[in-house]
Each structure stands twice: as C-alpha cells, then as structure tokens.
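Contents: one structure, followed by commentary.
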Amino acid sequence: MTTRYVIDIEATSFLGHPIEIGWARVGAETYESYLIKPPAEWREPLNWDWDPAAAEIHGITLDELIRDGLPPDEVIRRFEAAIGEGAILYSDAPAFDGNWLEKLYFVGSAKRPPRLLRSPLIPQHPPGYVPLHRAGPDALFLARLLNGEPPGFLDLCDSLLS
C-alpha cells in the first residue's frame, strides 16, 4: 500500500518564501515540522516579501527563523528521509504549497520537488476548523480528515502547542 502524507507550508506572504514546512502521515498521530532559515538570496531587498499580515497570522518572526531555522538543504533532507520513495503527498492548497515547495527545492536541492495533490476529502476550509497556521499541527489535522476521522481536533492542537 502506498504511504500518504499531508503537507502544509507557512510563508512570508502569498507570493513570498516558505518559512515552515510540516507533514503528517495519514493514519498516524504524529507530525514533523521545521522552521526554514531564509538563505541570503531570499533576504535581498528585491526578493524579500515579508507581509506583516502573514506574520501576524502564523506568529513566526524573522529573528526566530534565523535563530531556530534549519537551512533549506537540511529541511529537504529530513523531508525526503521521512516520506521515502513513492509516497503520495496531499495539500489543502496545492498551488500555493507547491509553489513554496519549489522555492525550497530551488535553493536546497538539485532535484525537482514532489508533486502535491488535492483530495476532495480535504476541504480548503473545513467547517468549524480555525487553522493554527503552524505547519505541523495543520498537516496533522488535514491528515486526520483524509483518513476519514471527524473534526474535533482543536483541543489536541492546543495541547501540542502548549
């Protein structure tokens, strides 16, 4: 049976750069997520697109990324080691997450990024769900939806972030 994962990415803005990636295996109760240390070329004035509104939503600061983030190549290494070969990857917003994944791979790998799929079991805005806008917990919530589990996950998310 093919392994399925849900991936979520937080970014500096809709058209900006990825700053956190998270993934959760469908049917598992765990996730991995990593802050991404922005490489120098992303922070050049003409390339850097830091939207204060996006920062307010995800709560991640540039100082936090520089201090705690991993370089893109290390994030990709961990991502590929976790998902393995042949995994099917889903996203609630594959166009956005796919774009950010391409940007991550462009600076951190010579390979092409895996393709992200959309599933009708993962609505972009699940009823009653307020995303935490942290990549790991959001990916886990979406993986549970894809696995057919009912919503009711906010308490678990709160406990994971406490």
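Among the residues making up the stretch 1-17, those that are over 17 Å from A82 (Cβ atoms) and part of a loop (DSSP other than H, G, I, E, B) are M1, T12, S13, F14, L15, G16, H17. Find all pairs meeting these conditions: Cβ atoms under 6 angstrom apart; at least six residues apart or on different chains; first residue within the stretch 1-16 and in contact (Cβ under 8 Å) with a residue 12 or more places away in the chain; second residue among the acidic types (D, E) and assigned to a strand (DSSP E or B). These pairs meet every condition: E10/E20.
Table: residues versus (1) surrounded by 14 or more Cβ atoms within 10 Å (Cβ to Cβ); (2) under 16 Å from L132 (Cα atoms).
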position	(1), (2)
T3	yes, no
P52	no, no
H58	yes, yes
G84	no, no
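Screening the stretch 17-57 for residues that are farther than 26 Å from T2 by Cβ and small (G, A, S) and picking the one that is farthest from the chain's Cα centre (by Cα) gives A40.
Matching residues to (1) surrounded by 19 or more Cβ atoms within 10 Å (Cβ to Cβ); (2) at pLDDT 95 or above; (3) assigned to a helix (DSSP H, G or I):
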site	(1), (2), (3)
W23	yes, yes, no
S33	yes, yes, no
E41	no, no, no
P45	no, no, no
D49	no, no, no
A55	no, no, yes
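Residues that are of a type in the set (G, A, S), under 22 Å from S119 (Cβ atoms) and either in contact with a Ser or Thr (Cβ under 7 Å, 6 or more places away or on another chain) or crowded, with 17+ Cβ neighbours inside 10 Å (or both) within the stretch 60-82 are absent altogether. Scanning the stretch 97-110 for residues that are surrounded by fewer than 17 Cβ atoms within 10 Å (Cβ to Cβ) and touching a residue at least 24 places away in the same chain (Cβ under 8 Å) yields a count of 1. Listed by position, the helices (runs of 4 or more DSSP H) enclosed by the stretch 62-162 that each have at least 1 residues that are touching a strand residue (DSSP E or B) at 6+ places or on another chain (Cβ under 9 Å) and at pLDDT 95 or above are 62-68, 72-83, 94-108, 135-146.
The values are calculated or read from the model by the stated rules, or taken from the named source; none is laboratory data. Computed from a predicted model, the values in this text were never measured in an experiment. Cβ coordinates were reconstructed from backbone atoms using ideal geometry, including for glycine residues, and neighbour counts include every protein chain displayed.
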